[in-house]
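I have a structure I would like to understand better, so I am pasting it below and will then ask my questions one at a time.
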Amino acid sequence: MKKLLLTGFEPFLDFTVNPTMKIVEELDGMEIGGYTIIGKIMPVDFGSSGAKLLSFIEKIKPDAVISLGLAAGRYKMTPERIAINFKDGPVDNEGYKPVDEPIKEEGEPGYLSTLPIRKMVERLIENNLPAEISNTAGAYLCNNVMYEGLHYAKTRNPGMPSGFLHIPASHELAIQHGRIPSWSHDDLVLGVRICIEALSE
Ligand code: PCA
C-alpha cells in the first residue's frame, strides 16, 4: 500500500481552532484511494515548519504529500497552483513576522504544484462541493510549507507528487470567529477525501 503524508496546521492568529488539524487527526491511519494516510500537525512557525516537514518526509518516505491549510474567508476548496520563494505576512505563533524574505536563497522563484489540481477541482464540483484552483497560497506558513515540500521533491525526489489544498473554515470556527463563511466538518472531510482519491486516478 502506498503512503500519503497528509499535514494540517495548529491554530494561529485569532483562529482558535484549525479545521485542518481535526481533519488530519480523523483521517490518520485510514486507507483512501489506495493510500494509507499518515497524518501530521505542523506548527505555525517560520523557524521550524520547513525542517519539520522535511523530517516527516525523510522518516515516513511517503509516495505523495498533501498539505492542508485554513484559508479563512474563502468559500471554496482551493488546490493551490504555485508556491513562491517568499516569507511575508502576519506574525507567526512564535512572534516572528518576516518581511520579503526568501524561503531558500538557492531556490527557484516558484514551484508549481505536482498534484492533479485540475482533476481535484473537477471531482469536487462533480460531488457538488464548490472548488476552484487558487493562483496564490499567500506568503505565510501555508506557502512556506508548500514551497519546502516542492523544493525537496524537485531536488531530492522528483517522483513524489506534492502540493497544497486550502480549505474554508468549519462551522465551529466560523461561529467562534464571527465574520467568515464556513462548511460543515463532514463536507470538509469529504472534500479532502475526494482530492486524495483524485490523486490515485
Ligand atoms: N493557514 C495559514 C497558516 C496555517 C493555516 O492553516 C496560511 O494560509 O498560511
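Since every read-out is calculated from the coordinates, none of them should be taken as a lab result. A quick note: this is a predicted structure, and the numbers were derived from the prediction, not measured. Counting neighbours? That spans all protein chains shown, and the Cβs are built from the backbone with ideal geometry, glycine included.
Show me the helices (runs of 4 or more DSSP H) entirely contained within segment 87-201 in which 1 or more residues are over 21 Å from Gly39 (Cα atoms).
117-126, 141-156, 171-177
Same structure, new question: Looking at segment 98-108, which of the residues that are among the acidic types (Asp, Glu) and without any contact (Cβ under 8 Å) to a residue 24 or more places away in the chain is surrounded by the most Cβ atoms within 10 Å (Cβ to Cβ)?
Among them, the one singled out is Glu101.
Taking interchain pairs and intrachain pairs at least six residues apart, which have beta carbon atoms under 8 angstrom, with the first residue in segment 2-17 and within 13 Å of the ligand (Cβ to nearest atom) and the second of a type in the set (Lys, Arg)?
Note: pairs meeting the criteria are Thr7/Lys40; Gly8/Lys22; Gly8/Lys40.
Separate question: So is Gly47 within 16 Å of the ligand (Cβ to nearest atom), more than 17 Å from Gly138 (Cβ to Cβ) and either under 17 Å from the mean Cα position of the chain (by Cα) or among the acidic types (Asp, Glu) (or both) or not?
So Gly47 fails the test.
With the requirement that a residue be basic (Lys, Arg) and more than 13 Å from Ala198 (Cβ to Cβ), what does segment 109-124 give you?
none
Residue-by-condition table, conditions (1) surrounded by fewer than 20 Cβ atoms within 10 Å (Cβ to Cβ); (2) within 17 Å of the chain's Cα centre (by Cα); (3) under 22 Å from Glu25 (Cβ atoms):
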{"site": "Ser55", "(1), (2), (3)": "yes, yes, yes"}
{"site": "Pro62", "(1), (2), (3)": "no, yes, yes"}
{"site": "Leu68", "(1), (2), (3)": "no, yes, yes"}
{"site": "Ala71", "(1), (2), (3)": "no, yes, yes"}
{"site": "Arg81", "(1), (2), (3)": "yes, yes, no"}
{"site": "Asn93", "(1), (2), (3)": "yes, no, yes"}
{"site": "Tyr96", "(1), (2), (3)": "yes, no, no"}
{"site": "Leu112", "(1), (2), (3)": "yes, yes, no"}
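If you don't mind, another one. For segment 58-81, how many residues are within 17 Å of Lys154 (Cα to Cα) and touching a Pro at 6+ places or on another chain (Cβ under 9 Å)?
4
In addition: Taking Gly73, is it within 11 Å of the ligand (Cβ to nearest atom), within 21 Å of Val44 (Cβ to Cβ) and out of contact with any helix residue (DSSP H, G or I) (no Cβ under 9 Å at 6 or more places or on another chain)?
Against the criterion (within 11 Å of the ligand (Cβ to nearest atom), within 21 Å of Val44 (Cβ to Cβ) and out of contact with any helix residue (DSSP H, G or I) (no Cβ under 9 Å at 6 or more places or on another chain)), Gly73 qualifies.
Still on this structure: With the structure loaded, tell me whether Thr36 is on the phi < 0 side of the Ramachandran plot, under 17 Å from the mean Cα position of the chain (by Cα), polar (S, T, N, Q) and more than 16 Å from the ligand (Cβ to nearest atom) or whether it fails that test. Show your work before the answer.
On the way: on the phi < 0 side of the Ramachandran plot: yes; under 17 Å from the mean Cα position of the chain (by Cα): no; polar (S, T, N, Q): yes; more than 16 Å from the ligand (Cβ to nearest atom): yes.
No; evaluated as a whole, the condition is false for this residue.
Give me the residue from segment 180-201 that is among the charged types (D, E, K, R) and touching a residue at least 24 places away in the same chain (Cβ under 8 Å) and, out of that set, surrounded by the fewest Cβ atoms within 10 Å (Cβ to Cβ).
Glu201
Follow-up. Kindly indicate the residue of segment 18-54 that is in a helix (DSSP H, G or I) and without any contact (Cβ under 8 Å) to a residue 40 or more places away in the chain and also farthest from Lys104 (Cα to Cα) among those meeting that condition.
Step one: list which residues in segment 18-54 are in a helix (DSSP H, G or I), which gives 19-27, 49-54.
Then drop every residue that is not without any contact (Cβ under 8 Å) to a residue 40 or more places away in the chain, which leaves 21, 25, 51-52.
Working: Met21: 26, Glu25: 30, Ala51: 12, Lys52: 15 Å.
Filtering first and then ranking leaves Glu25.
Go through (1) farther than 28 Å from Thr16 by Cβ; (2) surrounded by 14 or more Cβ atoms within 10 Å (Cβ to Cβ) and name the single condition Pro158 misses.
All conditions pass for Pro158, except number (2).
Also, quick follow-up: Restricting segment 134-155 to residues that are aliphatic (A, V, I, L, M) and within 16 Å of the ligand (Cβ to nearest atom), which is surrounded by the fewest Cβ atoms within 10 Å (Cβ to Cβ)? Full working, then the answer.
Our first condition is that a residue be aliphatic (A, V, I, L, M); within segment 134-155, this holds for 137, 139, 141, 145-146, 150, 153.
Add one more test, that the residue is within 16 Å of the ligand (Cβ to nearest atom), and what stays is 137, 139, 141, 145-146, 150.
Values: Ala137: 28, Ala139: 21, Leu141: 26, Val145: 26, Met146: 28, Leu150: 25.
Within segment 134-155, the match that is surrounded by the fewest Cβ atoms within 10 Å (Cβ to Cβ) is Ala139.
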